[in-house]
Amino acid sequence: MAIKDSALEALIEPVVTAMGFELWGIDHLSQGKHSRLVIYIDGPEGVTVDDCAAISRQVSAIFDVEDPIPGEYRLEVSSPGMDRPLFTLDHYARYRGHTVALKLRLAFEGRRKFQGLLAGVEGDEVLLQLDGEEYCFPIDSIEQARIVPRFDD
């Protein structure tokens, strides 16, 4: 995680925790003069639209004082959803046995996108089973990863 994202997380996490939720992760997407900050929250009873709105108001108030993002930005608060993004080694460990789609920062064996069974975590590496092979990707090499939802008939 970038230093800037760590600073944002340090501002956001106490607010989210105080309101009874878990800060699942943040995506800070800089797009020139404009940027977008997505805050993912989760809770034992799930997340409602009202929960997202309440956290958005609280975070906005802190950001008005601290001004951690220069220029214009759009703030979004959301549940991670069924195709939840994975941010930390703990997330990967929790979702062991699920199918995940991940995108690497740099190509490995000529490709950046992989989809397979999440076999677990070993040290700072994510283990992915794909086509009878097991791949070990350092977490820092993963640009993004999401759970692939499974819909049973």
_Percent of Cα-Cα distances greater than 18 Å, calculated over the stretch 77-153_ = 34 percent
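Could you pull out the chymotrypsin sites (Phe, Trp or Tyr not before Pro) across the stretch 99-153 that fall in loop regions by DSSP (anything but H, G, I, E, B) with no more than 12 other Cβ atoms inside 10 Å?
Numbers: sites: F108, F114, Y135, F151; in loops: F151.
Passing sites in the stretch 99-153 are F151.
Report the full-extension gain for the segment D124 to D152: residue separation times 0.36 nm, less the Cα-Cα distance, to one decimal in nm. Kindly include the intermediate steps, with their values, before the conclusion.
Details: separation 28, 0.36 × 28 = 10.08 nm, distance 3.23 nm.
Full-extension gain reported as 6.9 nm.
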*Taking 0.36 nm per intervening residue step and subtracting the Cα-Cα distance, what contour gain separates E109 from M19 on full extension?*
28.0 nm
_Rounded to 10°, Cα long-axis angle of helix 49-66 versus longest principal axis of the chain_ = 70 degrees
_At R0 = 30 Å, FRET efficiency that the Cβ-Cβ distance of A61 and V38 yields, to 0.05_ = 0.95
*How about the stretch 1-53: which trypsin sites (Lys or Arg not before Pro) there lie in a loop by DSSP and see at most 13 other Cβ atoms within 10 Å?*
K33
*Could you work out how far the C-alpha centroid of the stretch 108-153 sits from that of the stretch 1-79, in angstrom?*
26 Å
_Cα lying deepest toward the dipole's positive end in the chain, options T88, L130, L106, charges on Cβ_ = L106
*Helix 3-18 versus the longest principal axis of the chain: what is the Cα-based angle in degrees, 0 to 90, to the nearest 10?*
70 degrees
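For Y95, Y73, Y40, write out the residues from largest to smallest accessible area, computed with a 1.4 angstrom probe and no ligands counted. All intermediate terms of the calculation are to be shown ahead of the outcome.
On the way: Y95 50, Y73 75, Y40 20 Å².
Largest to smallest exposure gives the sequence Y73, Y95, Y40.
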_Could you work out what % of the accessible surface of the chain is carbon and sulfur, using a 1.4 angstrom probe and leaving DNA, RNA and ligands out of the count?_
49 percent
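Rolling a 1.4 angstrom probe over the protein heavy atoms, how many square angstrom per residue are accessible across the chain?
60 Å²
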*L29 to D131: extension gain in nm, 0.36 nm per residue of separation minus the Cα-Cα distance?*
33.5 nm
*Can you list the residues of the stretch 134-151 with backbone N under 13 Å from a point 7 Å past the Cα of L117, pointing along Cα to Cβ?*
134-135
*How long, wide and thick is the stretch 1-107, going by the Cα atoms along their three principal axes, in whole angstroms, largest first?*
43, 38, 20
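The values are calculated or read from the model by the stated rules, or taken from the named source; none is laboratory data. Since we're looking at a predicted model, the values are computed, not measured. Here Cβ is always computed from backbone atoms with ideal geometry, including for glycine, and neighbour counts include all displayed protein chains. SASA here: full protein model, heavy atoms, side chains in, ligands and nucleic acids out. Shrake-Rupley method; radii C 1.70, N 1.55, O 1.52, S 1.80 Å.
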